[in-house]
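Everything on this sheet refers to the single structure shown next.
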Amino acid sequence: MKKHILPLLPCLAVLTALFYLLPLLTRDTGGAMFLMLCVTPLAAFLTGLVYGLRRGFSILLPLAALLLFLPTVFLFYNSSAWVYAPAYALIVLAGNGAGKLFHGKR
């Protein structure tokens, strides 16, 4: 099990910083919406893409993104933000799948 989780740690650190530190930078609703609709999905996709390029496909990465985002709904947002958790998981999954396509081509 260690050999599956250890390579995920850098990506999990990026996702944790993305989900827990970026909301602290928002000052108003417009900034929060820009963060949730533009910055976070792009960074989540790139995180999945980089992992896919380096390590191939892992279903644990999108699952971890889902589980990491859920507590932020109660910490930073309101209950209407729970729909972003599966959305970010799907975005990470798409990035990871896209990265897997080019994994063996290097």
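At-a-glance table
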{"quantity": "Most to least accessible of T72, T16 (protein chains only, probe 1.4 Å)", "calculated": "T16, T72"}
{"quantity": "Cβ charges +1 (Lys, Arg) and -1 (Asp, Glu), total dipole of the chain, debye", "calculated": "600"}
{"quantity": "Distance in nm between pseudo-label sites at V14 and A98 (7 Å out along the Cβ direction from Cα)", "calculated": "1.2"}
{"quantity": "Heavy-atom accessible area order for L61, L90, largest first, 1.4 Å probe", "calculated": "L90, L61"}
{"quantity": "Protein-only accessible surface order, largest first, of S79, S58 at 1.4 Å", "calculated": "S79, S58"}
{"quantity": "Projected label distance in nm at L46 and T29, using a 7 Å step from Cα toward the beta-carbon", "calculated": "2.9"}
{"quantity": "Read-out log10 I(q)/I(0) by the Debye sum over Cα atoms at q = 0.14, 0.15, 0.16, 0.21 Å⁻¹, derived from the coordinates shown; its label in [x] -0.50, -0.58, -0.66, -1.17; [y] -0.65, -0.67, -0.71, -1.04; [z] -0.51, -0.58, -0.66, -1.03", "calculated": "[z]"}
{"quantity": "All-pairs Cα distance distribution in region 39-82, expressed in whole percent, bin size 5 Å", "calculated": "5, 20, 23, 24, 14, 8, 5, 0"}
{"quantity": "Order by protection proxy (mean Cβ within 10 Å, highest first), peptides 91-102, 4-15", "calculated": "91-102, 4-15"}
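The values are calculated or read from the model by the stated rules, or taken from the named source; none is laboratory data. Remember, it's a predicted structure, so these values are computed and weren't measured experimentally. In this analysis, Cβ positions are derived from the backbone assuming ideal geometry, glycine residues included, and neighbour counts consider all displayed protein chains. The protein model used for the area step is the full one, side chains on, heavy atoms only, and it has no ligands, DNA or RNA in it. Shrake-Rupley method; radii C 1.70, N 1.55, O 1.52, S 1.80 Å.
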